[in-house]
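The values are calculated or read from the model by the stated rules, or taken from the named source; none is laboratory data. Nothing here was measured: the structure is a model prediction, and the numbers come from that model. Every residue, glycine among them, receives a Cβ derived from its backbone with ideal geometry; neighbour counts consider all protein chains shown. Ligands, DNA and RNA are excluded from the accessible area calculation, which covers all protein heavy atoms including side chains. Shrake-Rupley method; radii C 1.70, N 1.55, O 1.52, S 1.80 Å.
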Amino acid sequence: MSDLTHLDDTGAARMVDVGAKDATQREAVATGRITMSAEAATAIAQGTAKKGDVLAVARVAGIMAAKRTSDLIPLCHPLPLTKVTIDLAPDPTGVTVTATCACTGLTGVEMEALTATSVALLTIYDMAKAIDKAMIVSDIKLVSKTGGKSGDYRA
């Protein structure tokens, strides 16, 4: 019916069988941004937000999200992650988040990197919304991926 791998011949949703694939080293990097007022950006950078250390909590939230991606995204395979890093780059107008996920597995880690980025950004929003409710989460995207049958990708 379709070339979409998550649909069977009748159009019903299915989890793709990756059992015949070879385990390979895979890595994915995703990024995103939250833009905010100077007041919120300063509070985050200086660690003076009322809810605490926004960047530290966002980093932990991103790592936790990567590890739980298969619980959040339907039909996503649970993966034995070997690496999750969350880099946070605050500046005078916001924070850029970059998540890197890796594993040796049968399927890629793009969804884990994208989920980690998204949840880290949402955590920043949650912790700083008392200062600025108009913050904008944007530009969440896959930057690169390596490994697997489809090969490498760079944005």
Q | Cα-projected label distance for I136 with S70, points at 7 Å along beta-carbon direction, nm | A | 3.8 nm
Q. Expressed in nm to one decimal, what extension gain is obtained for the pair T10 and A45 from 0.36 nm per residue of sequence separation less their Cα-Cα distance?
A. 7.4 nm
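Which value, in debye to the nearest 20, gives the size of the charge dipole of the stretch 36-153 about its Cα centre, when Lys and Arg are +1 and Asp and Glu are -1 at the Cβ? All intermediate terms of the calculation are to be shown ahead of the outcome.
On the way: 11 positive and 11 negative charges, 51 e Å.
Dipole size: approximately 240 debye.
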Q: Assuming R0 = 35 Å, can you tell me the calculated FRET efficiency for the pair A56 and T104, based on Cβ-Cβ distance, to the nearest 0.05?
A: 0.75
Q.
Tell me the carbon and sulfur percent of the accessible area for the chain, rounded to whole percent, probe radius 1.4 Å.
A. 57 percent
Q | Mean separation of Cα contacts under 8 Å, 6 or more apart, over the residue count of the stretch 10-133: relative contact order % | A | 40 percent
Q. If you line up the long axis of helix 54-67 against the longest principal axis of the chain, both from Cα atoms, how many degrees apart are they, to the nearest 10?
A. 10 degrees
(Q) Let me cross-check D8: its accessible surface, 1.4 Å probe, with only protein heavy atoms counted, in Å² to the nearest 10? (A) 50 Å²
(Q) Run lengths n ≥ 4 of DSSP H only: what is the helix-derived mean residue ellipticity at 222 nm for the chain, with -39500 (n - 2.57) per run over all residues, to the nearest 500? (A) -9000 deg cm²/dmol
(Q) Only Cα pairs within less than 10 Å get springs; with that Gaussian network setup on the chain, which residue of A38, A120, A30 has the largest fluctuation? (A) A38
Q. Can you list residues whose amide H is under 5 Å from A49's amide H, if they're 5+ apart or on another chain and H is modeled 1.01 Å from N?
A. V54
Q) How far is it, in nm, from the label point at R154 to the one at D91 when both lie 7 Å from their Cα along the line to the Cβ? A) 2.1 nm
Q: Give the span of the stretch 102-155's Cα atoms along each principal axis, as three whole-Å numbers ordered largest to smallest.
A: 45, 20, 10
(Q) Of Q25, Q46, A120, which is farthest towards the positive pole of the chain's charge dipole, taken about the Cα centre with +1 and -1 on the beta-carbons of Lys, Arg and Asp, Glu respectively? (A) Q46
Q.
Rolling a 1.4 angstrom probe over the protein chains, ignoring ligands and nucleic acids, what is the accessible area of I34 in square angstrom, nearest 10?
A. 0 Å²
Q | In degrees, nearest ten, helix 110-128 long axis to first principal axis of the chain (Cα) | A | 20 degrees
